[in-house]
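For reference, the structure discussed in these notes is given below.
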Amino acid sequence: MSDGALSDLSVLELAQGVAGPFCGKLLADLGADVIKIEPPEGDRSRRHGPFPGDEAHPERSGQFIYLNHNKRSVTLDVSDEASRGLLRRLVGEVDILVIDLAAKELEEFGLSYEELRPLNDQLIMTAITPFGLVGPCRDWVATDFTAYMMSGLGFQTPYGQVTDLEAQPPLAGGGYQTDYLSGATAAAMTMLAVFYRRASGEGQLVDISRFEAVNAMLRNDYSAASYTPELVPPRIKHGYSWVLPCEDGYISFSPFIADHWWATFRELAGKPAWAMSEVFDTAEGRHANNDVLEALTVEWLLTQKKMEVYELARDSGMPCFPVNSMQELVESRQYGHRDFFVEVEHPEAGVLTQPGPSARYSATPATVREPAPPLGAHNAEVLEGLR
């Protein structure tokens, strides 16, 4: 048993891909005993890369390894009644069930909360679905892309920066952003249910809609759209650009908004004649002439290295950050100082560099105790006693 903050919790994870396993990972890294139920062919993320040497292998998937260390792997086919019998036995023995089956599947397989609660009246069941277990959209299918676009994030990507609506449609973010956000939301809500159970002695159903988890990020926009839709600006550019090009990349840099930032920028740029123009002395003047001002600023930035501009701005108290590549992130001095990236040794994939925890607990830190398990590695250990 671990000595982590959650070492007194046992979790059954019947989920594939990113959202459910990320929820389970956050609990496992803090010490919870997580039993991962995989189909006989394995979690689908075992077939997703990246793979060492770009050679696909179910035991060497970078995505699977990151999401599933500190877990035990058991294979069960939930479409099989005998396997579901074993699953129900396990449900009766754990604190938490994380599950991502669709609402219809939960009912078809007899795995709804109403049917499982008699087996364990303190069970916390965290169900992660695209649109929740109730409502007119509960049976709709969706992907990370669907949630991104329907939630409103697509409308904001890019937002207020579009110069040609026909040529610049909404974009999806890279990676699995809504899935990771949904998994983090599920873990947080699960812990609220744990605290409630400690106070009341009662378990409960935690119904996580991936669509709503992403909506929660945009509550200001939804509020505005609901009550003052006429004030919601379109995607068309209506102010300063957020990101500007330098000689060797991009930075997020906007010295134009506040007068003291503009005064600082004039000094950093060496007081060029265009920057000293009285037209730009006030925030109102800069805003009214922002297209001209941005063009002149970009002309100067294209002669500068992005990290040099960032460090000058940072040291002068002006908001600015570089747009980094993945390699630059891994080599970041800030992340290095905090030991954010950690090396994990996996018996099949070798030594991998991956993100560490987002927060540090001095007494009970999140740790990688065991590498991600081979498929079905704990069948005998977990299932034989039940049989």
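The values are calculated or read from the model by the stated rules, or taken from the named source; none is laboratory data. Remember, it's a predicted structure, so these values are computed and weren't measured experimentally. Note: ideal-geometry Cβ built from the backbone for every residue, glycine included; neighbour counts use all protein chains shown. Areas reflect the complete protein model, heavy atoms only, side chains present, ligands, DNA and RNA absent. Shrake-Rupley method; radii C 1.70, N 1.55, O 1.52, S 1.80 Å.
Observations on the structure shown:
- Entries in 104/237; 25/305; 71/104; 237/305 that, when Cα-Cα distance is taken, lie over 32 Å: 104/237; 25/305
- Chain lengthening between residue 121 and residue 243 when straightened (0.36 nm per residue, less Cα-Cα): 38.7 nm
- Estimated FRET transfer efficiency (residue 236, residue 361; beta-carbon r; R0 45 Å; 0.05): 0.50
- For residue 259 and residue 82, the difference between the fully extended length at 0.36 nm per residue and the C-alpha to C-alpha distance is 56.6 nm.
- Electrostatic dipole magnitude of region 169-302 [Cβ: Lys, Arg +1; Asp, Glu -1; Cα centre; debye, to 20]: 520
- In terms of accessible area, using a 1.4 Å probe and ignoring ligands and nucleic acids, 180, 227, 240 rank largest first as 227, 180, 240.
- Amide H contacts of residue 102 (H built 1.01 Å from N, under 5 Å, at least 5 apart or other chain): none
- In region 288-345, the portion of solvent-accessible area held by carbon and sulfur atoms comes to 52 percent [1.4 Å probe, whole percent, DNA, RNA and ligands not counted].
- Entry comment: accessible area of region 151-193 is 45 Å² per residue, from protein heavy atoms only and a probe of 1.4 Å.
- Charge dipole magnitude, Cβ of K and R +1, D and E -1 - the chain, Cα centre, debye nearest 20: 440
- Neighbour net charge for residue 280 - beta-carbon separation under 13 angstrom, K R +1, D E -1: -3
- Rounded to the nearest Hz, the phi-derived 3J(HN,Hα) couplings of region 116-127 under the Karplus curve 6.51 cos²θ - 1.76 cosθ + 1.60 (θ = phi - 60°) are 8, 4, x, 6, 6, 6, 9, 5, 9, 10, 9, 9, where x marks glycine and proline.
- Taking the Cα centre of region 104-227 as reference, the dipole from Cβ charges on Lys and Arg (+1) and Asp and Glu (-1) amounts to some 400 debye.
- Taken one residue at a time, the phi angles of region 87-93 give Karplus couplings (6.51, -1.76, 1.60, θ = phi - 60°) of 4, 5, 4, 5, 4, x, 10 Hz. Gly and Pro are set to x.
- Computed from Cα atoms alone, the Kirkwood hydrodynamic radius reported for region 285-387 is 18.8 Å.
- Kirkwood Rh (inverse of mean 1/r, distinct Cα pairs), region 118-176, angstrom: 14.3
- Rg to Rh quotient for region 1-64, alpha carbon positions, Kirkwood Rh: 1.04
- Mean Cβ neighbour count within 10 Å, used as a protection proxy, ranking 343-349, 97-103 highest first: 97-103, 343-349
- Extending 7 Å from the Cα toward the beta-carbon at both residue 381 and residue 316 defines two label points whose distance is 5.8 nm.
- Rounded to the nearest whole Hz, the Karplus-based 3J(HN,Hα) values (6.51 cos²θ - 1.76 cosθ + 1.60, θ = phi - 60°) of region 230-235 follow the sequence 5, 9, 6, x, x, 5, with x at glycine and proline.
- Structure-based [θ]222 nm, the chain - -39500 (n - 2.57) summed over DSSP H runs of at least 4, per residue, nearest 500: -10000 deg cm²/dmol
- Cα-based convex hull, the chain, per residue volume (Å³, whole number): 186
- Think of region 46-172 as a dipole: +1 on every Lys or Arg Cβ, -1 on every Asp or Glu Cβ, centred on the Cα centre; then among 131, 150, 61, 61 lies furthest on the positive end.
- For the pair residue 192 and residue 226 in one chain, pulling the backbone fully straight at 0.36 nm per residue adds 9.4 nm over the alpha carbon distance.
- If you take all other residues with their beta carbon under 11 Å from the beta carbon of residue 350, and give Lys and Arg +1 and Asp and Glu -1, the sum is -2.
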